[in-house]
Structures are given as C-alpha cells and as structure tokens.
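Below: one structure, written as structure tokens.
The values are calculated or read from the model by the stated rules, or taken from the named source; none is laboratory data. As the structure is a prediction and not an experimental result, all values here were calculated from the model. Reconstructed Cβ throughout: ideal geometry from the backbone, glycine too, with neighbour counts over all protein chains shown.
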Amino acid sequence: MVFIELLKKTIDETGGSLCVGLDPHLDQLPERFARTAAGVQAFLERVIEETVQHACAYKPNSAFYEALGAPGWDLLARVIERVHKVGRPVILDAKRGDIASTAAAYAYAAFDGLGADAITLVPYMGADAITPFLDRGGFAFVLASPSNASSRRIVEHGTPSLAECVAELAVELEGRYPHQLGLVVGATHPEAVSTLDRVSGCLPWLVPGLGAQGGQAVTFFEAARQERLMVVNASRSILFSSDPKAAAEAMKREIEEA
C-alpha cells in the first residue's frame, strides 16, 4: 500500500490526523531508561504502545538515532519495523537535500535500507534534490515553511517568497509524480498559511510545531483549507509526558476541535 493510501486508512481508523514524533532526546529520557540504544528502544516501544490508538503515523527524527553512532542506525531500523507492526506509516524526518547522485543514495538508505514510507526534504538545491526519492516510489514532504523562528529570514525572502517558490515547485513535480509529494508547513507561523494554502494546490501538509514549540491548532486551522489532508505532528509534548497516552489523546482532541 502506498504511503498516502495507508495514511488515509490510519486517519480513518484513529479518527484523527495526529502524528507522534519519536525524537529521543537523551537528556530528557526518564531516569529508569539507560542512555543506550537498548534503553532508547525500550522507551520508544512503550510510547508507541501507549499512543498507537491515537496516532495515524509516527515521525522519527534521524538525528537523535545518528547521535548514538552505528547502534543508533540499527535502532532506527528496529523502531520503523515496530511502527509497521502496529500498522502505522513512518515519516522519516531526515531533511535531506543534495545533488541528484547523493540524493539517490539517501533515497536508497531511507526507503530500501530503513523501510521508511515517507521522508522530509530540504529543496534548496532544486528538483534534483527531490526527484531521486520520488523515482524510488517514496513520498516526500518538502520544507516550505518550517516551524523554527529563524527560518523566517530565509523562507519569507523575496516576492514571491522562497516558501511560495517551494510550494510551486512541489505542485509542478506532483504533476509528474502523482500522490508522492507534500509540504512541511509549521503551525508556529499561521500568518504564512493562507498564502501557501492558495499556491500549494491539493498537496498534503505535514504540520510540525504544536506542543513544545508553541503552535496553536485553532490559530493554524483558521487560516487553512479544511478539506486539505494534513498530518499534525507533536513530539516532546507527548514523548516526555508522564502519561503519553493521555497527552496523545488530548492533542488529538485539540486538533479535532480546532
């Protein structure tokens, strides 16, 4: 089943569009879990088990696994396998962005090596940084309006803005690669939403920035088209909650009521 079909299925099953980020900050890991690959795996398996009822997808950020060295890369593969066993798709948050030959290697690692269903990409080297992932049949969420504050200096530059140019490129590529492209649009900058909503066609959005980063679902969704397929991510606010299940349920409810 291709990513977008599986995502729609899991949204229907869970009754919501919450994606749970699996970003194991070692300095925030509960004390009872060792700061090792085995300890992180035990922690993440617990989180997956407690949140799967409310999560339509999971999004591991590769940096936190790479920080553990070679064992971390193996751990990332096991986490992806575990998510697939509970019937959820995986968005690999790797933010890759390089020339075509290098992108092809990244694509092989993500989709064939790790088994991810989708990946986040940085598009500033142009279509060459994106199409190798699509040629492997994977799905790509391309960064248009990231959630961090300092990104505004870059993505809002120019007329049209860089964010708009990224959206237009993604729409253009979607014509060649149907149902394989989406955009990353952060919930922390609702002022950018209406413009991107207008220029991004029917592309799905991955929406980071709720919870620990301060994004508000109500403010964001007021400016966005309600019929657009969106996957709304929360990471630390769920992952390091004393009760991940309750935190996931509350976040899903906030999204539904927005």
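Could you list all residues from the range 15-28 that are surrounded by fewer than 17 Cβ atoms within 10 Å (Cβ to Cβ) and either in a loop (DSSP other than H, G, I, E, B) or touching a residue at least 12 places away in the same chain (Cβ under 8 Å) (or both)? Don't jump to the end; show me each part of the working.
Quick first cut of the range 15-28, residues surrounded by fewer than 17 Cβ atoms within 10 Å (Cβ to Cβ) only: 15, 25-28.
If the condition is that a residue be surrounded by fewer than 17 Cβ atoms within 10 Å (Cβ to Cβ) and either in a loop (DSSP other than H, G, I, E, B) or touching a residue at least 12 places away in the same chain (Cβ under 8 Å) (or both), then Gly15, His25, Leu26, Gln28 are the ones that fit.
Rundown of residues vs (1) aliphatic (A, V, I, L, M); (2) at pLDDT 95 or above; (3) more than 24 Å from Ser17 (Cβ to Cβ), yes/no style:
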site	(1), (2), (3)
Asn61	no, yes, no
Phe64	no, yes, no
Asp74	no, yes, yes
His84	no, yes, no
Val90	yes, yes, no
Gly97	no, yes, yes
Ser101	no, yes, yes
Tyr108	no, yes, yes
Asp112	no, yes, yes
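Find the residue count for the range 49-102, including only residues that are aliphatic (A, V, I, L, M), part of a helix (DSSP H, G or I), touching a helix residue (DSSP H, G or I) at 6+ places or on another chain (Cβ under 6 Å) and closer than 19 Å to Ala34 by Cβ.
Of the range 49-102, the ones aliphatic (A, V, I, L, M) are 52, 55, 57, 63, 67-68, 70, 75-77, 79-80, 83, 86, 90-92, 94, 99-100.
Okay, now just the ones that are also part of a helix (DSSP H, G or I), so 63, 70, 75-77, 79-80, 83, 100.
Still in the running and touching a helix residue (DSSP H, G or I) at 6+ places or on another chain (Cβ under 6 Å): 75-76, 79, 100.
Next cut, closer than 19 Å to Ala34 by Cβ only: 75-76, 79.
Final tally of qualifying residues: 3.
Looking at (1) surrounded by fewer than 16 Cβ atoms within 10 Å (Cβ to Cβ); (2) without any contact (Cβ under 8 Å) to a residue 12 or more places away in the chain, find the lone condition where Trp73 falls short.
Of the numbered conditions (1) surrounded by fewer than 16 Cβ atoms within 10 Å (Cβ to Cβ); (2) without any contact (Cβ under 8 Å) to a residue 12 or more places away in the chain, the odd one out for Trp73 is (1).
What's the number of the only condition in (1) at pLDDT 70 or above; (2) surrounded by fewer than 16 Cβ atoms within 10 Å (Cβ to Cβ) that Gly214 fails to meet?
Only one criterion in (1) at pLDDT 70 or above; (2) surrounded by fewer than 16 Cβ atoms within 10 Å (Cβ to Cβ) is unmet by Gly214, namely (1).
Looking only at the range 114-124, which residues are on the phi < 0 side of the Ramachandran plot, assigned to a loop (DSSP other than H, G, I, E, B) and at pLDDT 95 or above?
Pass one, the range 114-124, residues on the phi < 0 side of the Ramachandran plot: 114, 116-124.
The next check asks that each one be assigned to a loop (DSSP other than H, G, I, E, B); those that pass are 114, 116-117, 122-124.
Leu114, Ala116, Asp117, Val122, Pro123 - these are the residues of the range 114-124 that are on the phi < 0 side of the Ramachandran plot, assigned to a loop (DSSP other than H, G, I, E, B) and at pLDDT 95 or above.
Please go through the range 2-42 and give me each residue that is within 14 Å of Gly72 (Cα to Cα) and of a type in the set (A, V, I, L, M, F, W, C), ordered by number. Let's see the steps before the verdict.
Here is the first cut: in the range 2-42, the ones within 14 Å of Gly72 (Cα to Cα) are 22-26, 34-42.
Selection gives Leu22, Leu26, Ala34, Ala37, Ala38, Val40, Ala42.
Taking the range 154-199 on its own, how many of its residues are modelled with pLDDT under 90, among the small types (Gly, Ala, Ser) and closer than 25 Å to Pro60 by Cα?
3
Looking only at the range 46-64, which residues are surrounded by fewer than 24 Cβ atoms within 10 Å (Cβ to Cβ) and not hydrophobic (A, V, I, L, M, F, W, C)?
Result: Arg46, Glu49, Glu50, Gln53, His54, Asn61, Ser62.
Looking for whichever is without any contact (Cβ under 8 Å) to a residue 12 or more places away in the chain and either among the aromatic types (Phe, Trp, Tyr) or surrounded by fewer than 22 Cβ atoms within 10 Å (Cβ to Cβ) (or both) here; the options are Lys9, Lys95. Which one fits?
Values: Lys95 fails: without any contact (Cβ under 8 Å) to a residue 12 or more places away in the chain.
Matching residue, one of Lys9, Lys95: Lys9.
The conditions are (1) closer than 24 Å to Asp112 by Cβ; (2) modelled with pLDDT of 95 or more, and Glu49 fails exactly one of them. Which is it?
Result: Glu49 fails condition (1) only.
Among the candidates Leu6, Leu18, Leu29, Leu75, which residue alone is touching a Leu at 6+ places or on another chain (Cβ under 8 Å) and at negative phi? Outline the logic, then answer.
On the way: Leu6 fails: touching a Leu at 6+ places or on another chain (Cβ under 8 Å); Leu18 fails: touching a Leu at 6+ places or on another chain (Cβ under 8 Å); Leu29 fails: touching a Leu at 6+ places or on another chain (Cβ under 8 Å).
Only one candidate qualifies: Leu75.
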